[in-house]
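Okay, structure first, notes after.
The values are calculated or read from the model by the stated rules, or taken from the named source; none is laboratory data. Nothing here was measured: the structure is a model prediction, and the numbers come from that model. No Cβ is skipped: glycine too gets one built from the backbone with ideal geometry, and neighbour counts run over all protein chains shown.
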Amino acid sequence: KYNEEQVKRRKLFNQVQEAKGNIRVFCRCRPLSKTELVAGCASVVDFDAAKDGELGVLSNGSTKKAFKFDRVYTPKDDQVDVFADAAPMVISVLDGYNVCIFAYGQTGTGKTFTMEGTEANRGVNYRTLEELFRISKERKDTYTYNISVSVLEVYNEQIRDLLATETSKKLEIKQASEGFHHIPGIVEANVENIQQVWNVLQEGSSARAVGSNNVNEHSSRSHCMLSIMVRAKNLITGDCTKSKLWLVDLAGSERLAKTDVQGDRLKEAQNINRSLSALGDVISALANKSSHIPYRNSKLTHLLQDSLGGDSKTLMFVQISPSDQDVSETLSSLTFATRVRGVELGPVRKQIDTNELQKLRTMLEKARQESRSKD
Ligand code: ADP
Ligand code: MG
């Protein structure tokens, strides 16, 4: 049972969330690598105001460009810190929201580290499922949940099912009668515990390596997409809901030097550019409340359609390198991310002006402090 004060705090918290919109951008910077240290690379990123979601990037050695996001992680922040902030968003899939989380950035900046992580240092994908199981257990008296997982890859505008045993099947996106986009024939693995999830994720990773002679290169040029379908039944009312969570490790956003790009590499580069800019276009069309949202311009946005826009929630990790050698890619990623984040400041959202938001925040903080001093 909640007391009156908690209800009031909850309400304020929701108002703040509402005013902030459904899109969050978190910026994560990896540490300088050993190779970079040996080569004498310096960090150009300043984290003095990271606590306030701000970071500065030194370009041309002297001018500092400032950026603001919903969170900024320094190279010292670990997987637990990052997941703690992402958790409320992923968990909302159990309340019937569609959610999309994606990692964007140049190759080598930690997209895979953030999403997949390593066995000793697991990332968002694994932690998300772990949390979904934990909460569904907590709620077992009121809800039954059924969770299933699909793992796919989009490479050169072609979808590959990484859990399929037969790989030659041509996969197309269809709109289902219940409104969800789906891919007929795709494997949906039912998972009941975290061990099964781990097995499925491993299976997906090893399938990704099949047929490519350089796994790292291949994965930097394809989008790796984990789709989690949650079917919930309310045991008291009998209501059933279905919601979808996408966890996406995007292809590297780096521009290739013009001289490098020929033949197959040119086609790859064009497809990557096309899908990443389509993603930017969709989000900015949503921001501007355009009557036409160009979901169909790439396989990536078409697949994500149910989880971008409407009342669905989106979280973008913009991953950056601290190194002076990467500064131009870093600036370009941060600019893209700023455009994405601009959604909540779009013309419609602006109706809730920043003063109002600030007032709500202050009230919420005061309510929190009051309750703390009572404890
Ligand atoms: P991407 O997927 O963007 O190409 P990776 O996730 O493969 O990049 O990361 C590149 C390298 O940097 C990997 O060796 C990874 O372990 C390391 N790395 C990335 N982010 C971090 C971090 N926050 N802390 C420690 N190491 C990191
Ligand atoms: Mg990667």
| Any chance residue 318 is of a type outside the set (Asp, Glu), modelled with pLDDT under 95 and either under 20 Å from residue 154 (Cα atoms) or within 16 Å of ligand 2 (Cβ to nearest atom) (or both) | no
| field | Selection within the stretch 90-107 - buried (at least 19 other Cβ atoms within 10 Å of the Cβ) and within 8 Å of ligand 1 (Cβ to nearest atom) | value | 103, 105, 106
| request: Would you point out which residue out of 236, 228 is more than 25 Å from residue 268 (Cα to Cα), of a type outside the set (D, E, K, R) and surrounded by 15 or more Cβ atoms within 10 Å (Cβ to Cβ)? | output: 228
| request: Filter the helices (runs of 4 or more DSSP H) completely within the stretch 62-166 down to those with at least 2 residues that are closer than 25 Å to residue 209 by Cα and within 16 Å of ligand 2 (Cβ to nearest atom). | output: 111-115, 124-138
| field | Failed item, numbered, when residue 16 is tested on (1) assigned to a loop (DSSP other than H, G, I, E, B); (2) modelled with pLDDT under 90 | value | (1)
| said: Among the residues that make up the stretch 213-221, is at least one of them away from ligand 2 (no atom under 16 Å from the Cβ), closer than 30 Å to residue 143 by Cα and either without any contact (Cβ under 8 Å) to a residue 40 or more places away in the chain or out of contact with any His (no Cβ under 8 Å at 6 or more places or on another chain) (or both)? | reply: no
| task | Test residue 210 against the criterion of being surrounded by fewer than 18 Cβ atoms within 10 Å (Cβ to Cβ) and away from ligand 2 (no atom under 14 Å from the Cβ), and give yes or no. | result | yes
| said: So, residue 231, is that one of a type in the set (D, E, K, R) and within 23 Å of residue 187 (Cα to Cα) or not? | reply: yes
| Residue list for the stretch 196-243, restricted to those being within 16 Å of ligand 1 (Cβ to nearest atom), over 21 Å from the mean Cα position of the chain (by Cα) and part of a helix (DSSP H, G or I) | 209, 215, 217
